[in-house]
1. Listed residues Ala172, Ala199; which is within 22 Å of the chain's Cα centre (by Cα), among the hydrophobic types (A, V, I, L, M, F, W, C) and buried (at least 18 other Cβ atoms within 10 Å of the Cβ)?
2. If you go through region 54-80 one residue at a time, how many are farther than 27 Å from Gln171 by Cα and either buried (at least 22 other Cβ atoms within 10 Å of the Cβ) or of a type in the set (A, V, I, L, M, F, W, C) (or both)?
3. Determine if region 32-43 includes at least one residue that is among the hydrophobic types (A, V, I, L, M, F, W, C) and within 24 Å of Ser173 (Cβ to Cβ).
4. Looking only at residues in region 137-159 that are hydrophobic (A, V, I, L, M, F, W, C) and assigned to a loop (DSSP other than H, G, I, E, B), which one is farthest from the chain's Cα centre (by Cα)?
5. Just to be sure, is Val117 farther than 24 Å from Ala32 by Cα, among the β-branched types (Val, Ile, Thr), in contact (Cβ under 8 Å) with a residue 12 or more places away in the chain and part of a strand (DSSP E or B)?
6. Would you pick out the residues in region 153-169 that are among the hydroxyl-bearing types (Ser, Thr, Tyr), within 16 Å of Asp43 (Cα to Cα) and surrounded by fewer than 17 Cβ atoms within 10 Å (Cβ to Cβ)?
7. Would you kindly identify the strands (runs of 3 or more DSSP E) lying entirely within region 1-63 that contain at least 2 residues that are under 23 Å from Arg154 (Cβ atoms)?
8. Among the numbered criteria (1) among the aromatic types (Phe, Trp, Tyr); (2) out of contact with any Asp or Glu (no Cβ under 8 Å at 6 or more places or on another chain); (3) not assigned by TED's automatic domain parsing to the domain that holds Val49, which one does Phe112 miss?
Amino acid sequence: MPERLQFARLPLTGTLAAHAESCWFMRGASAAALPDGHRILPDGCMEFVFQLGAPFLERNADGGWTEQPVRLLVGQMTKRVEVRPAGEIDTVGLHFRPAGAAAFVDGSMKRFLDRIVDLDDVLGEDLVPLAARLREARSNSSRRTLLLAWLQTRLRPSDALMAEASQRLQQASGHLDIAGLGQALGLGERQLRRRFEAAVGVAPKRFARLLRFQRVFEQQRESDATAWAQVALECGYFDQAHFNRDFRAFSGIAPRRLLADADPLTAFFLSVSSKISETT
């Protein structure tokens, strides 16, 4: 187990790739590998997370820390969550496409908004045997194979139209008229919102805001821009005040400070290149 924190991400293939984007992996010999913890920032997607080492701790509203379950469903987030490891770090995650988790979880995804919950309870499945197999499979590629085989057993029909709606919003970086999107899909605005919340976990207008928020990191990290006003305009914000409001709402912190103080894991998830990495 490495002393320094190590990350990798592998894309999914085959039919499951329509629902889940990638598997990601994180390892560190102890909590000291991530001494300042990690900020989970909204990215418009849900995740399954398996802690094969020690559990993580989550900061409470009162500033204290509570131990998380060792297998998690991370719902759609619209605000920052802070976590830190309690010991050895050995984590495997499944990063879904915006409407992807609904293909494996029964019921509306809206109930998980801004929540991180026990995955076994949500799925009604004892995942201890799967976690044991993941722990024994040391390579990232073999762990991905195990997860894909397990996911295939849970695959169920989902709302393909809402997958298309979220994809259109992604392709437009959130710059689509929601009423117009509904009309293009043959849906009224209220019907679109209801179905979108059920499949994606968040309303389409807020999802569009999350996409613009994520676009900021792509602009800032791929260029060496220092003029945040220009970055805001390039990402579709009307003005810097609008940009600052969204940024603080979703991250709880000013943009300059967030990028300057980003922990290694936050930097990994914000990195555009890491999202398409095929590191093994």
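The values are calculated or read from the model by the stated rules, or taken from the named source; none is laboratory data. Everything numeric in this text was worked out from a predicted model, so none of it was measured. As a convention, Cβ positions derive from the backbone with ideal geometry for all residues, glycine included, and neighbour counts pool all protein chains shown.
1. Details: Ala172 fails: buried (at least 18 other Cβ atoms within 10 Å of the Cβ).
Within the list Ala172, Ala199, the selection yields Ala199.
2. First pass over region 54-80, keeping only residues farther than 27 Å from Gln171 by Cα: 54-72.
Applying the additional criterion that residues be either buried (at least 22 other Cβ atoms within 10 Å of the Cβ) or of a type in the set (A, V, I, L, M, F, W, C) (or both) yields 54, 56-57, 61, 65, 70-72.
So the answer is 8.
3. Looking through region 32-43, at least one residue is among the hydrophobic types (A, V, I, L, M, F, W, C) and within 24 Å of Ser173 (Cβ to Cβ).
4. Keep residues of region 137-159 that are hydrophobic (A, V, I, L, M, F, W, C), which gives 137, 146-151, 155.
Keeping just the survivors that are assigned to a loop (DSSP other than H, G, I, E, B) gives 137, 155.
On the way: Ala137: 24, Leu155: 20 Å.
Restricting to residues being hydrophobic (A, V, I, L, M, F, W, C) and assigned to a loop (DSSP other than H, G, I, E, B), the top hit is Ala137.
5. Details: farther than 24 Å from Ala32 by Cα: yes; among the β-branched types (Val, Ile, Thr): yes; in contact (Cβ under 8 Å) with a residue 12 or more places away in the chain: yes; part of a strand (DSSP E or B): yes.
It is true that Val117 is farther than 24 Å from Ala32 by Cα, among the β-branched types (Val, Ile, Thr), in contact (Cβ under 8 Å) with a residue 12 or more places away in the chain and part of a strand (DSSP E or B).
6. The initial filter retains those residues of region 153-169 that are among the hydroxyl-bearing types (Ser, Thr, Tyr), namely 153, 158, 166.
Next cut, within 16 Å of Asp43 (Cα to Cα) only: 166.
Selection gives nothing.
7. Details: elements: 6-11, 20-28, 38-40, 47-51, 56-59.
In region 1-63, the matching strands (runs of 3 or more DSSP E) lie at 6-11, 20-28, 47-51.
8. (3)
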